[in-house]
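Have a look at the structure below before the remarks.
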Amino acid sequence: MALEYKDYYEVLGVARDASKEEIRRAYRKLAREYHPDLNQDSDAEERFKEVGEAYEVLSDPSKRERYDRLGSQWRAREQTSAGASFEDFFDRQGFDDHVRVEFGDGVFSEFFERLFGEDAARAGSGPLRGRDREAVLELSLEDAVAGGRRRLSLEDGRILEVNIPAGVREGQRIRLPGKGGAGRDGGAPGDHYLQIRLKPDPRFRRRGDDLDVDLAVAPWEAALGATVSVPTLTGTARVRVPPGSSSGRRLRLRGRGLPKQAGGHGDLHAIVRIMVPKHVSEQDRRLFEKLADESDFDPRQGQG
Amino acid sequence: MSAPRRRSRALQPAPADAAEEQPVELAVIARQAGVRVSVVRHYVAFGLFERCSGSNEVPLFEPSCAGRLAKAERLRRDLGLNYAGAVLACELVDRIRELEQQRGQDLPTA
């Protein structure tokens, strides 16, 4: 990237003749506003660094003087000759007496390091660990129960392969040591936390650690009893529908729910839903009519 | 009110790295955060975090306290706060995050 002139006064929003006190006040206000531990916006960290760099220069009289000299010459130059790049101008000003081999992704910009040398930043107060980051990882209920390896792309574009343990729970946090923000002055990187969120499932409704699932049965299965298949998070199971099961009856499949915090699993409840054919065939109609004629069952008995 | 002994659900260890999720001594937290033990003691005195197990003589802490400690220390250094101010800032930020999550303004998705 080409070297660009940075207007530190503009960064802090102060006049060129601002006093030390004005500069400090502006810096403190902006530092509070953009501190990455306080502000979650994606560009807050970049702004915070910029503000810190501006303050580093403008709060130090000798750096400020050197910076001002460069700035006034650049502005004078801009007015007289259009088209010259700042990089060319900068190299001809004799400011480039600090030689750097390579520009890394240090705390300060290339502009700062070209102007003052890479070691010009005031010594910090010692190494400090980097910021912990956090993101939400949405999992299907099946994936939460089964676990497995996942490739994730983080906000900053990094791709991670993560081992999701089997049986993670809603709200549980998985720690990825050292995958957070970079440390300061040689400090260790922070950690990255993944907060588990369970995606709503079209079939299974969650009630704490228990799950509900609808179990469609035919009227005769409900009346006579049957063994039918029911979906679970780990495949299909068989459940016995006892004779005389009306809609809403809950059939419990013990331990087929979500993992519990204390260990073990919740239950899966298959809820009987009696289904009838939408289009009744001639034969079915005869049979239902016969049943209607001959049965003395009154589902509304006792309902007034 | 006594400090909660139970390990919080949010910090339930993943089996893969269970070994490193064991509670650790203050010196380990300090080293991991890059903060001097004497400084950590100030933060503990102001209630930045509490011991999760161990005894009063040898208190033990969640490893995740290192992240919280480093955050408080960054805020203190960067914004010119004192210890009480840094602890307060951490608590307020946690509270804001909680409220944002309740309102559905969620964390970024991995």
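All of the numbers you see were taken from the coordinates with simple rules; none came from a lab. Computed from a prediction, not measured in an experiment: that's the story for all the values here. Positions of Cβ are backbone-derived with ideal geometry, glycine not excepted, and every protein chain shown enters the neighbour counts.
Could you check the spin-label model distance between A:M275 and A:R25? Points 7 Å from the Cα along Cα→Cβ, value in nm.
7.3 nm
Given R₀ = 25 Å, FRET efficiency for B:A84-A:V136 by Cβ-Cβ distance, to 0.05?
0.20
With each label point set 7 Å from Cα along the Cα-Cβ vector, what nm distance links A:N39 and A:R254?
5.8 nm
Across peptide A:35-43, how many C-beta atoms of other chains are within 10 Å of each residue C-beta, on average?
Mean shielding count: 4.
For chain A, compute Rg over Rh where Rg is the Cα radius of gyration and Rh is the Kirkwood radius from the inverse mean 1/r over Cα pairs. Kindly include the intermediate steps, with their values, before the conclusion.
Numbers: Rg = 34.4 Å, Rh = 26.1 Å.
Taking Rg over the Kirkwood Rh, I get 1.32.
How far is helix A:20-34 tilted off the main Cα axis of chain A, in degrees rounded to 10, range 0 to 90?
20 degrees
Once amide H atoms are placed 1.01 Å from N in the peptide plane, what residues at a sequence separation of 5 or more from A:H269, or on another chain, have their amide H within under 5 Å of its amide H?
Close amide H contacts, sequence-distant or interchain: A:L211, A:D212, A:V213, A:L253.
Using a simple spin-label model with points 7 Å from Cα along the Cα→Cβ vector, what separation in nm is obtained for A:I159 and A:R75?
Computed distance between label sites A:I159 and A:R75 equals 4.8 nm.
Length gain on complete extension for the stretch A:D185 to A:D68, per 0.36 nm per residue less the alpha carbon to alpha carbon distance?
Contour length minus the Cα-Cα distance gives 39.3 nm.
Using a Gaussian network model of chain A whose springs link C-alpha atoms within less than 10 Å, name the residue from A:D209, A:D60, A:D293 with the highest mean-square fluctuation.
A:D293
Starting from the Cα-Cα distance between A:D293 and A:R149, subtract it from 0.36 nm times their residue separation and give me the gain in nm to one decimal. Show your work: numbers first, answer last.
Details: separation 144, 0.36 × 144 = 51.84 nm, distance 6.02 nm.
Roughly 45.8 nm would be gained on extension.
Hey, in the GNM for chain A with a 10 angstrom Cα cutoff, which one of A:A31, A:A237, A:A262 fluctuates hardest?
Comparing A:A31, A:A237, A:A262 in a Gaussian network model of chain A, the most mobile one is A:A262.
Using R₀ = 41 Å, calculate the FRET efficiency as 1/(1 + (r/R₀)^6) where r is the Cβ-Cβ separation of A:R197 and A:D7; round to 0.05. Mind showing how you got there, number by number?
Values: r = 43 Å, r/R0 = 1.05.
For A:R197 and A:D7, the calculated efficiency is 0.45.
In sequence order, what are the phi-derived ³J(HN,Hα) couplings for the range B:34-47 according to the Karplus relation 6.51 cos²θ - 1.76 cosθ + 1.60 with θ = phi - 60°, rounded to whole Hz, with x for glycine and proline?
Going residue by residue, I get x, 10, 5, 4, 4, 5, 4, 4, 4, 5, 5, 4, 8, x Hz, with x marking Gly and Pro.
Please give the average number of partner chain Cβ atoms lying within 10 Å of the Cβ of each residue in A:133-141, rounded to a whole number.
The shielding value for this peptide is 3.
Which of A:D37, A:D156, A:D210 ends up with the largest GNM mean-square fluctuation for chain A, with Cα atoms connected below 10 Å?
A:D156
So how do A:L215, B:L81, B:L48 line up by other beta-carbon neighbours within 10 Å, fewest first?
Ascending number of Cβ neighbours within 10 Å: B:L81, B:L48, A:L215.
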